[in-house]
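To keep things clear, I will list the structure first and then write my remarks on it.
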Amino acid sequence: MIDTLAAAALVPDTFALPPEDDPLQAHFQPGVAPDEIEQVYHLKRAQPMLSAFTALFHGSQDGVLVRLLVLRELAGDTASPAFSRGDINNKLAYLSAESLETVLNRLRSHGLLAWDAPAAVYRITPLARNVLSALDTLIALAQPDEDDAEMGFLLSQVAGAQAVGGITVEQLKHLLGRLVELTEEFRDAIASGSEFKLRTSQAKWHMACDWVEKGSVILRAITSDERADAATHKAAQAIGRAQSALLNMQGMFSRALNQIERQRVHLGQSGLSTTDVKRWLLAHDDLAGLASDAIDRPVVPLFGTPAEMIDVAETELLLERVTASGPKGLPTGQDAPLSINDNPAMQGELNDWINKLADFANLGNFPEFSDSGPKKVALHESLLPASFAVASYRASLLPLLGDAAEASLQGATAELARLPVRFETQDDMIALDDPEVAAMSIASLSLNPDPASPESVTSNE
């Protein structure tokens, strides 16, 4: 007779202990019986499974690895359902005899290996195969450098349970809790304002969205299942709402990154920014090593003692008594040296563009500069003629027109945003007869008078 039957027969006796003899009572408040707690009842029912995990994972890390190694080697051999002791010794000959004997006794005493006395062979129990299956799924998904492995494991559990019709509310709650945690993590990254945290969280968000897409198929199957109870439907709907909140964070990531891009600080005209410098520094494990060979010799501090201070004071005193020879008049004047304006060329182009738009807004004669000028002009007529670089630069500044956030700031771009000019665009393109620009989006610039101006008030009355 296989000895696991006897071990399983002892399990129900654990539920029959009197309250005063139950060792679990020591962990609860007086007057509270552990069996009155619903989760305690479910955990006690799973005592054989918990004992199997205790047998595998109790002790040192080395002992855990050896037990899992022996059990996986035996369970992986499907050629025969039973193993003699000689077969086990040959299969695991790389282990010492003492360690192998200790592991076999432990696995056998906890019901993971069954000893068939009449046949004198060992057999893998169904409990052991269930434990190994759960561990193999977790190990396969929990690969290094994959932060979304837990989502894959939770979804695989939900999908497998739903396929066999045994899904539980607890499994759905685990998945829901992980989705809520990811949403809070992404919100904290957005609130931090750190570009590195934002880009790391955005990459993790993309991976989470892949799992969300797979989970949506499972949720539709659960909600359409007539056999599912009300609690299961409620948990599935809550997961759907959590997934929607997670997917809606794409706009938040984009706005936060765009704000950082607008506030980026560049180092002169080198094209490098502080982000590039920080990324370069983070790529070096030893920042102190960057100073190697940077200084030819160590810095030697110089200290002044009272003797040296007296010598210096005496020298300075004698120098003041020496009468200077030569003319006493003021030096002759000299012309100031010429200075070259180092402002970028684009700054001058920006000033010209602002003056041109301001002339259009005030006199109504843009771009012809005449009293009969139009109140609305096509975009290509205002941007051209110009080189492709200048036209592109002018076009990139047009979205700033009417931007309230930019208008509240200071500088040339803020002055551009405060101009009473409205920029309107369409989805179509127009072909141009221009040597620099072949085609351009159909758009126009029109006057947008300030509602608070006297002319606007008079027209409204």
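Quick check on residue 377: is it touching a helix residue (DSSP H, G or I) at 6+ places or on another chain (Cβ under 9 Å), assigned to a loop (DSSP other than H, G, I, E, B) and either touching a residue at least 24 places away in the same chain (Cβ under 8 Å) or over 29 Å from residue 259 (Cβ atoms) (or both)? No, not satisfied. Within the stretch 380-410, being over 34 Å from the mean Cα position of the chain (by Cα) and in a loop (DSSP other than H, G, I, E, B) holds for 384, 385, 386, 387. Filtering 66, 103, 131 for residues that are in contact (Cβ under 8 Å) with a residue 24 or more places away in the chain, within 28 Å of residue 34 (Cβ to Cβ) and not aromatic (Phe, Trp, Tyr) leaves a single hit, 131. Scanning the stretch 170-182 for residues that are surrounded by fewer than 18 Cβ atoms within 10 Å (Cβ to Cβ) and either touching a residue at least 60 places away in the same chain (Cβ under 8 Å) or not in a helix (DSSP H, G or I) (or both) returns 173, 180. Go through the residues of the stretch 180-187 one by one and say whether even a single one is modelled with pLDDT under 80 and among the acidic types (Asp, Glu). No, the stretch 180-187 has no match at all.
In the stretch 424-448, what residues are outside any loop (DSSP other than H, G, I, E, B) and touching a residue at least 40 places away in the same chain (Cβ under 8 Å)? Correct list: 425, 430, 440, 441, 442, 443, 444, 445, 446, 447.
Return the only residue of 282, 246 being loosely packed, with under 11 Cβ neighbours inside 10 Å, modelled with pLDDT of 75 or more and either under 30 Å from residue 216 (Cα atoms) or among the aliphatic types (A, V, I, L, M) (or both).
On the way: 246 fails: loosely packed, with under 11 Cβ neighbours inside 10 Å.
Testing whether each residue is loosely packed, with under 11 Cβ neighbours inside 10 Å, modelled with pLDDT of 75 or more and either under 30 Å from residue 216 (Cα atoms) or among the aliphatic types (A, V, I, L, M) (or both) leaves just 282.
The residue of the stretch 83-114 that is farthest from the chain's Cα centre (by Cα), among those that are crowded, with 17+ Cβ neighbours inside 10 Å and not aliphatic (A, V, I, L, M), is 83.
Does residue 55 satisfy the criteria of being surrounded by 10 or more Cβ atoms within 10 Å (Cβ to Cβ) and among the aliphatic types (A, V, I, L, M)? Against the criterion (surrounded by 10 or more Cβ atoms within 10 Å (Cβ to Cβ) and among the aliphatic types (A, V, I, L, M)), residue 55 qualifies. Is it true that residue 265 is in contact with a helix residue (DSSP H, G or I) (Cβ under 8 Å, 6 or more places away or on another chain), over 16 Å from residue 199 (Cα atoms) and of a type in the set (Val, Ile, Thr)? Against the criterion (in contact with a helix residue (DSSP H, G or I) (Cβ under 8 Å, 6 or more places away or on another chain), over 16 Å from residue 199 (Cα atoms) and of a type in the set (Val, Ile, Thr)), residue 265 qualifies.
Cβ-Cβ contacts under 7 Å between residues 6 or more apart (or on different chains), taken from a first residue in the stretch 393-416 that is surrounded by 17 or more Cβ atoms within 10 Å (Cβ to Cβ) to a second residue that is aromatic (Phe, Trp, Tyr), are listed as 394/353; 397/353; 398/423; 401/423.
When the stretch 208-218 is filtered for residues that are surrounded by fewer than 17 Cβ atoms within 10 Å (Cβ to Cβ) and either touching a helix residue (DSSP H, G or I) at 6+ places or on another chain (Cβ under 8 Å) or of a type in the set (A, V, I, L, M) (or both), the ones remaining, listed by number, are 209, 214, 216, 217. Evaluate the stretch 345-362: report whether one residue or more is assigned to a loop (DSSP other than H, G, I, E, B) and modelled with pLDDT of 70 or more. No: the stretch 345-362 contains no residue that is assigned to a loop (DSSP other than H, G, I, E, B) and modelled with pLDDT of 70 or more.
The values are calculated or read from the model by the stated rules, or taken from the named source; none is laboratory data. Model, not experiment: these values are computed from the prediction. Don't worry about glycine lacking a Cβ; one is built from the backbone with ideal geometry, like all the others, and counts go over all protein chains shown.
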